[in-house]
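Please treat every number below as a calculation from the coordinates, not as lab data. The structure presented is a predicted model; accordingly, all values stated were derived computationally and were not measured. Note that we place each Cβ from the backbone using ideal geometry, even for glycine, and neighbour counts take in every protein chain shown.
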Amino acid sequence: MSSSDKNSKTVRYIKLMIGIFLCGLGVTMVINSNAGASSWDIFHMGLTGILKMPIGKASIVAGFVVIILNIVLGQTIGPGTILNIYFIGTITDIIRNLNIIPVSNNIFFKIIILLLGMIIYSYGTFLYMSQGKGCGPRDGLMQVLSKKTNISVAIVKNSIEIIVLIMGIFLGGKSLIGIGTLIYALSIGFIISFMFKIHKVEVKTIEHTSLKEEFHEIVHFFTNKK
């Protein structure tokens with residue numbers, strides 16, 4: 001691996017981690033908007049009652065389950081997948097504990113925070129996925145199903161959100177449901193799709209480096225360095 005390749009890899013990982021941070025921030029804003037949580041967070045909240053753990057940790061557990069499904073479907077599991085699973089949930093818990101995202105009962109303020117959270121989350125999704133280091137479990141499911149069905153990412157994402165919302169309700173996470181939940185479930189796929197389109201990146205064609213390939217690259221770099 002040349003010096004320029006090493007620098008390029010470093011930049012990719014920096015962008016990946018910034019994207020993951022933005023996803024965690026976006027998730028927290030959606031929750032704190034108090035307008036209604038996202039479908040996945042309602043699902044995660046349902047899990048908290050069963051698993052007796054914070055919502056961020058429940059998100060990590062759910063992520064590992066979805067990752068198994070992705071492997072079965074043939075989605076590449078890369079280093080970004082593991083980083084996504086751990087850090088988005090962890091960042092969500094940290095930001096919520098710091099209480100830096102305001103919570104309001106004003107409907108106008110609720111919608112503003114909700115929409116900003118969705119936009120930040122969607123840009124974070126674009127930023128980390130476009131580095132080709134592996135998708136998070138949920139985004140990986142979105143990508144692989146879009147590839148296999150040839151259905152647009154927006155429709156696939158929104159369909160997943162609706163199914164997960166129904167599951168979350170049955171698990172007992174309905175206390176977080178609000179008008180924002182419906183807005184999120186029916187529009188987040190289109191916002192994510194828009195982020196990729198304005199940057200001229202096609203979600204279906206993004207190729208990811210697997211964990212095995214990344215490991216070999218690192219070993220090759222240090223071997224040659226010696």
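Structural remarks
- Amide hydrogen neighbours beyond the local backbone of THR209, cut-off 5 Å, H modeled: LYS133, GLY134
- Length added when fully stretched, GLU202-VAL61, from 0.36 nm per residue minus Cα-Cα: 47.9 nm
- The spread of Cα positions in the chain, taken along each principal axis and listed from longest to shortest, comes to 60, 40, 37 Å.
- Euclidean distance of C-alpha centroids, the range 64-91 and the range 12-55, integer Å: 15
- In degrees, nearest ten, helix 211-225 long axis to first principal axis of the chain (Cα): 40
- Computed from backbone phi, the HN-Hα couplings of the range 151-165 come to 9, 4, 4, 4, 5, 4, 4, 5, 5, 4, 4, 5, 4, 5, 4 Hz, rounded to whole numbers (Karplus: 6.51 cos²θ - 1.76 cosθ + 1.60, θ = phi - 60°; Gly and Pro given as x).
- Counting charges near GLU214 (Lys, Arg +1; Asp, Glu -1) among other residues having Cβ under 12 Å from its Cβ returns a value of +2.
- Extending 7 Å from Cα along the Cβ direction at LYS52 and again at THR10 yields two label points whose distance is 4.6 nm.
- Simple point charges give the picture: +1 on the Cβ of Lys and Arg, -1 on the Cβ of Asp and Glu, and for the chain a dipole about the Cα centre of about 220 debye.
- Summed side-chain charge close to GLN75 - residues other than GLN75 whose Cβ falls under 15 Å, Lys, Arg +1, Asp, Glu -1: +4
- When you restrict to C-alpha pairs under 8 Å that are six or more residues apart and normalise by the size of the range 3-225, the relative contact order lands at 34 percent.
- Ranked MET118, MET167, criterion: other C-beta atoms within 10 Å, fewest first: MET167, MET118
- Legend: residue pairs LYS110/LYS174; LYS57/LYS174; LYS52/LYS212; LYS174/LYS197; LYS110/LYS204; LYS57/LYS147, Cα-Cα distance threshold 25 Å; pairs beyond threshold, LYS52/LYS212; LYS174/LYS197; LYS110/LYS204; LYS57/LYS147.
- Order of HIS44, HIS208 under a 10 Å beta carbon neighbour criterion, fewest first: HIS208, HIS44
- Full extension of the chain segment joining SER159 with TYR86 gains 23.8 nm, where the gain is 0.36 nm per residue of separation less the Cα-Cα distance.
- For the chain, the longest principal axis of the alpha carbon atoms and the long axis of helix 39-51 meet at an angle near 80°.
- Residue-span extension gain [ASN106 to THR223] - 0.36 nm each, minus C-alpha spacing: 36.2 nm
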